[in-house]
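Here's the structure, in structure tokens; my notes come after.
Only the coordinates and a few stated rules stand behind these numbers; no lab work does. Every value quoted in this text rests on a predicted model; they were computed, and no experiment measured them. Note that we place each Cβ from the backbone using ideal geometry, even for glycine, and neighbour counts take in every protein chain shown.
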């Protein structure tokens, strides 16, 4: 009996030693310094996320119209570089009293979309503008009732000393017989622009504004499109 009790005691001691070894291994696998470093990195990442500016979601309550086409084209035109390209099909820009989203006239330009390929009608103005006080840029586009469904429009800006070409990340569908308003946010942190997220200087040095009407293969249309009330808001 004494020998059996001695064996049991020896087994219990052995188990206690093994438990201590495994416990020590567990502590070595997750040192406190590593945990502290991970928590620090997480806090820094969260702080960086909080530093990224986010556009305001408040409603636009004030607007300033840059171009209303009431008396002339205000410098807008079909650019020379587009006239020489087969996939750019705009021409004959002029003031028209036929329709207007505001006032008595608008700008109209002719397009000739042949179908079967991507083509676009583009009009633009080159002018230095500081829009940094504003949150959005807008323009009104009218498609005549006899135009087909499927045409889309977007705004394009040229900004900064390097004349960076920045277009909207999405195109706005145009509805025949109706005015459509294109709106793009120009605040820091906006995701309305393709491959560019505006910073604090983005809207300080705008050098060109362009409107591009697109036909992606299917819509075939020869006729006029109307542009009016190019403006900014805050």
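Over the stretch 63-233, what number does the Rg to Rh ratio reach, with both radii from the alpha-carbon atoms and Rh per Kirkwood?
0.94
How would you rank 192, 161, going from fewest to most other Cβ atoms within 10 Å of each one's own Cβ?
The fewest-first ordering by Cβ neighbours comes to 161, 192.
Could you work out how much longer the chain between residue 110 and residue 71 gets when fully extended? Use 0.36 nm per residue separation minus the Cα distance between them, nm to one decimal.
That works out to 12.1 nm of additional length.
How far, in nm, would the chain grow between residue 57 and residue 204 when pulled straight, counting 0.36 nm per residue and subtracting the alpha carbon separation?
Full extension of this stretch gives 50.8 nm more.
Need the full-extension length gain, residue 191 to residue 95, defined as separation in residues times 0.36 nm minus the C-alpha distance. One decimal, nm.
This chain segment gains 31.2 nm when fully extended.
Using a 7 Å offset from the Cα along the Cα-to-Cβ direction at both residue 146 and residue 163, what is the distance between the two label points in nm, to one decimal?
3.8
Using a 10 Å cut-off around each Cβ, can you sort 136, 197 from fewest to most neighbouring Cβ atoms?
197, 136
With 10 angstrom as the radius, rank 163, 193 by how many other C-beta atoms surround their C-beta, starting from the fewest.
163, 193
Quick one: compute the contact order of the stretch 63-233, relative version, from alpha carbon pairs under 8 angstrom and 6+ residues apart, as a percent.
Answer for the stretch 63-233 is 35 percent.
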